[in-house]
Amino acid sequence: MNEALLQLIACPACRGQLEGADSHHLRCAQCSSSYEIREGIPILIPAGLSEPISSRIDAYEQKHIQEEDPWHYGVRAAEILKHRFLLEQIRISHPTRGRTLDVGCSSGYLSLQLGEVASSVISIDVSVSAVMRARTKCSKATLSHCGRSFFVATATAFPFRPNIFDVVVLSDGLYEWGLPPDDQQLVLRECERVLAPSGIALFTDYLRPERFEEWLGVLKSGPLQVTAVHYLHDRPWYQFESAVHMIQGQPWVRAALRSATFAKALMFVGAALGKRGSKHIVLVAQKHV
C-alpha cells in the first residue's frame with residue numbers, strides 16, 4: 001500500500017498507526033491487530049463486533065455473492081434520480097472539490113458518479129464482494145482527475161484518521177442497516193470524527209412517511225448540525241414498481257421503470273401529497289467549525 005494511503009488510514013480497533021506487515025497484511029503498531037489485504041483491498045474490520053453488525057455483514061456478503069446489483073441501483077429510475085440529487089446537493093453545499101467517503105458503496109454506482117464532484121473518492125462496504133465489484137466498475141471511469149481507493153470496513157469503526165474528509169455520504173444506510181440505537185449514534189460520531197471542519201455529511205433512507213420524524217430525531221440528536229432536509233416525492237414510483245412486480249419481465253414495464261422522464265412525472269404526483277408522497281428522505285448536516 002502506498003505511503004499516501006497509509007497516512008489516511010488507522011486501526012479501526014484502537015486508531016493506531018497501520019504498517020505493512022507483508023504484501024498481504026497490515027499490522028497496527030499500537031495494538032498489534034492484523035488485517036488482511038485481499039486482492040489489493042484492505043479488510044479493515046475489527047474483531048469483537050456486536051452480533052447485529054456481524055449478522056448484517058454476513059447477510060450483505062451473501063447478497064453480493066448471489067447478485068451483481070442486489071438493489072438494482074444501476075437501472076431503477078428512482079434510484080438513479082436519487083443519486084443525481086445527492087450529487088447536486090454536494091455541489092450546492094460543498095462546491096470545493098474535496099475528498100469524499102462513500103459509506104456502504106454496494107456495487108459502486110454512486111461511487112462512480114461521485115467522481116464528478118470530488119477530487120478523490122474512498123469507498124467502503126462491509127461486503128468484500130461488493131467492494132471488489134465497485135473497484136472493477138470504477139476502474140472503467142474516464143474521470144482522470146479523481147483518485148479512488150477501496151476498503152472493506154464498517155461504519156461503526158471507520159479505519160480513518162480524524163478530520164480528513166470534506167464529504168461523507170451514507171445512502172440508504174442508517175435505518176436500512178437495522179442497527180440498534182447505540183450503534184446508530186456510534187455511526188454518527190464516526191462521521192463527525194472523520195469530517196474536516198465545515199465538512200458535510202449526506203444521509204438518505206428509504207422509509208414509510210410515519211417513520212420520518214423518528215429518523216430525523218436520531219440524526220438531530222447526533223453531533224452534526226442539520227442544515228437541510230429534503231423529501232424526494234418518489235413514493236408513487238415505488239408504488240408503481242410494486243404494482244407491476246408480477247409482470248416486471250414485460251418490455252414496457254422494464255422501460256417504464258428505467259425511464260427518468262416517467263419517474264419525474266410520478267414525482268410531480270408525489271409532490272402534491274407533500275411528505276406523504278415520499279419514500280426517500282435526504283438530510284444534509286455539517287460539522288461544527
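The values are calculated or read from the model by the stated rules, or taken from the named source; none is laboratory data. Just so it is clear, the model here is predicted, and its values are computed rather than measured. Don't worry about glycine lacking a Cβ; one is built from the backbone with ideal geometry, like all the others, and counts go over all protein chains shown. The area values use the complete protein model at the heavy-atom level, side chains included, leaving out ligands, DNA and RNA. Shrake-Rupley method; radii C 1.70, N 1.55, O 1.52, S 1.80 Å.
Evaluate the stretch 47-60: report whether one residue or more is part of a loop (DSSP other than H, G, I, E, B), at pLDDT below 95 and either open to solvent by less than 60 Å² (accessible area, probe 1.4 Å) or polar (S, T, N, Q) (or both).
yes
Of everything in the stretch 243-289 that's in contact with a Phe, Trp or Tyr (Cβ under 6 Å, 6 or more places away or on another chain) and open to solvent by 20 Å² or more (accessible area, probe 1.4 Å), which residue is farthest from Ile80 (Cα to Cα)?
Lys275
Of all residues being under 12 Å from the mean Cα position of the chain (by Cα) and modelled with pLDDT under 95 in the stretch 176-211, which is least open to solvent (accessible area, probe 1.4 Å)? Just the residue, please.
Top of the filtered list is Trp177.
Take Ala78 and tell me if it is over 22 Å from Val187 (Cβ atoms) and surrounded by 14 or more Cβ atoms within 10 Å (Cβ to Cβ).
Working: over 22 Å from Val187 (Cβ atoms): yes; surrounded by 14 or more Cβ atoms within 10 Å (Cβ to Cβ): yes.
Yes: the conditions hold for Ala78.
Scan (1) crowded, with 18+ Cβ neighbours inside 10 Å; (2) under 19 Å from Ala13 (Cα atoms) for the single condition Gln30 breaks and write down its number.
Condition not satisfied by Gln30: (1).
Can you run down the residue pairs with Cβ atoms below 6 Å, 6 or more apart or on separate chains, where the first is in the stretch 103-129 and on the phi > 0 side of the Ramachandran plot and the partner is open to solvent by 30 Å² or more (accessible area, probe 1.4 Å)?
Gly108/Lys137
Could you tell me whether the stretch 168-175 includes any residue that is closer than 29 Å to Cys28 by Cα, modelled with pLDDT of 95 or more, small (Gly, Ala, Ser) and buried (at least 20 other Cβ atoms within 10 Å of the Cβ)?
Just the residues of the stretch 168-175 that are closer than 29 Å to Cys28 by Cα, to begin with: 168-170, 173-174.
Among the residues that remain, those that are also modelled with pLDDT of 95 or more are: 168-170.
Now drop any that are not small (Gly, Ala, Ser), which leaves none.
No, there is no match, as no residue in the stretch 168-175 is closer than 29 Å to Cys28 by Cα, modelled with pLDDT of 95 or more, small (Gly, Ala, Ser) and buried (at least 20 other Cβ atoms within 10 Å of the Cβ).
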